[in-house]
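The structure under discussion appears below in the form of structure tokens.
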Amino acid sequence: MREITYLEAVREAMSQEMRVNEDVFILGEDIGVYGGAFGVTRGMIEEFGPERVRNTPISEAAISGTAVGAALTGMRPILELQFSDFITIAMDNMVNQAAKIRYMYGGKGKVPMVLRTPGGSGTGAAAQHSQSLEAWMAHIPGLKVVQPATAYDAKGLLKAAMDDDNPVIFYEHKLCYKTSSHVPEESYSIPLGKADIKREGTDVTVVATGIMVHKALAACEALEKEGISVELIDPRTLVPFDEEAVVQSVKKTSRLIVVHEAVKRGGFGGEIVSRIAESEAFDYLDAPIKRLGGKAVPIPYNPELEKAAIPQVEDIIEAVKETVNKR
């Protein structure tokens, strides 16, 4: 199986779907000849033309509103927002329209659309272009939230998102774009709501999302050399969330750490912790659950301060050691 980057996997998923389904089209700022802010759609306008790879004005409200309307009339739009921070301008269309219409129409109307957007820090893009706002979207009934960490997962989950008849928010971490993994050439789908055990272990369960999956993997390798076995779970989708996978892992390891880049306060990690606290896995815990998340500050521009604002490999290692040592 060939190895491609996360960025290439996202592009390939869209291209393969557009070749077999004429209802699928892409819209967003600079996605045509320029190829998008991060180059994800590069070359697609040459294959599919400007009718299906549509450049838009600089208006996230207009882009999202157009996508909702197109979805209601039978199309399957994929809109790209250049940075996830800009979803704030599209909130009315996503939260009050896309998320509610199918329910309010009694199932007679559906909104099959995907909102793709790069999120997270690590590129020196500063406070207005580096946020992780996935917990906002996970809070809204009617929206599905996907957060793949690997190229393989990105391609399969995007296929599932494009096939879904509900609005899906698809978060792509900017630092994941250049990572690579083995990805099949053919189209394939990964069910939404199915977690992946990235690494099996026995001493502690770590649930990580987005770029933190890669940092947690590095931490796992370092901890293994010290005789500590970590089971690493990547939920892959926040809504729907695979609670059972985490429950079974915690019952095995008796310890749990949750890590995400988003600000710890109000982050999705709190939702994961509360679910485990309310589940049968709670009685199996031998140590307090630990959460790692970003500090409650805007993401700094300075590279060193930017790193200090979010969990790093060393922070995960320290948290695991503290948790394992609590007998």
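The values are calculated or read from the model by the stated rules, or taken from the named source; none is laboratory data. A quick note: this is a predicted structure, and the numbers were derived from the prediction, not measured. All Cβ positions, even for glycine, are placed from backbone atoms using ideal geometry, and neighbour counts span all protein chains on display. Calculation scope for accessible area: heavy atoms of the full protein, side chains included, ligands and nucleic acids excluded. Shrake-Rupley method; radii C 1.70, N 1.55, O 1.52, S 1.80 Å.
Can you say what percent of the DSSP beta bridges in the chain, counting only those with both residues inside, are antiparallel? Round to 5.
On the way: 8 of 40 bridges.
Around 20 percent antiparallel, to the nearest 5.
Work out how much length residue 224 to residue 96 would gain on full extension: take 0.36 nm times their residue separation and subtract the Cα-Cα distance, in nm to one decimal.
On the way: separation 128, 0.36 × 128 = 46.08 nm, distance 4.71 nm.
Full extension from residue 224 to residue 96 adds 41.4 nm.
Can you give me the distance in nm between label points at residue 297 and residue 128, each placed 7 Å from the Cα along the Cα-to-Cβ direction?
2.1
Label residue 30 and residue 139 with points 7 Å out from Cα along Cα→Cβ: what is the distance between them in nm?
For residue 30 paired with residue 139, the spin-label model returns 3.0 nm.
With a 1.4 Å probe and all protein chains kept in place, how much accessible area does residue 165 have, in Å² rounded to the nearest 10?
So the heavy atoms of residue 165 present about 40 Å² to solvent.
Give a residue-ordered list of calculated ³J(HN,Hα) values for the stretch 286-299 (Karplus: 6.51 cos²θ - 1.76 cosθ + 1.60, θ = phi - 60°; whole Hz; x for Gly, Pro).
10, 7, x, 5, 10, 10, 10, x, x, 6, 7, 9, x, 5
If amide hydrogens are placed 1.01 Å from N in the peptide plane, which non-local residues have theirs closer than 5 Å to the one on residue 25?
Amide H to amide H, under 5 Å and 5 or more residues apart or across chains, residue 25 pairs with 76, 78.
Which FRET efficiency value, to the nearest 0.05, is calculated for residue 275 and residue 75 with the Förster distance at 41 angstrom and r the Cβ-Cβ distance? If you can, show how the numbers build up before the last one.
On the way: r = 36 Å, r/R0 = 0.87.
Calculated value: 0.70.
If all Cα-Cα distances of the stretch 222-322 are sorted into 5 Å bins from 0 onward, what percent lands in each bin, rounded to whole numbers?
The calculated distribution, bin by bin, is 2, 12, 21, 22, 20, 13, 7, 3, 1.
Using a basic spin-label model with each label point 7 Å from the Cα along Cα→Cβ, how many nm lie between residue 51 and residue 284?
For the pair residue 51/residue 284, the computed spacing is 5.5 nm.
Calculate the radius of gyration of the Cα atoms of the chain to one decimal place, then report Dmax, the largest Cα-Cα distance, as a whole number, both in Å.
Over the chain's Cα set, Rg and Dmax evaluate to 19.6, 62 Å.
Quick query: amide H of residue 239 versus all other amide H atoms, modeled in the peptide plane; which residues come in under 5 Å with a sequence gap of 5 or more or a different chain?
It is 145, by chain and number.
With a/c under 1.5 counting as rounded, go ahead and sort the stretch 1-54 into rounded, prolate or oblate using the C-alpha gyration tensor (a ≥ b ≥ c being the square roots of the eigenvalues; past the cut-off, prolate if a/b is larger than b/c, else oblate).
Working: a/c = 2.26, a/b = 1.22, b/c = 1.85.
The shape class here is oblate.
In the stretch 209-300, with Lys and Arg counted as +1 and Asp and Glu as -1 at Cβ, which of these residues, 293, 220, 241, has the Cα nearest the positive end of the dipole, that is, farthest along it?
293
Give the distance, in whole Å, between the Cα centre of the stretch 208-245 and the Cα centre of the stretch 255-323.
12
Residues with amide H under 5 Å of residue 199's amide H, sequence separation 5 or more or different chain, H placed in the peptide plane at 1.01 Å from N; which?
So residue 199 has HN proximity to 232.
Return one whole number: the accessible area per residue of the chain in Å², for a 1.4 Å probe. Present the calculation step by step, with values, prior to reporting the outcome.
Details: 13910 Å² over 327 residues.
Ligands and nucleic acids excluded, the result is 43 Å² per residue.
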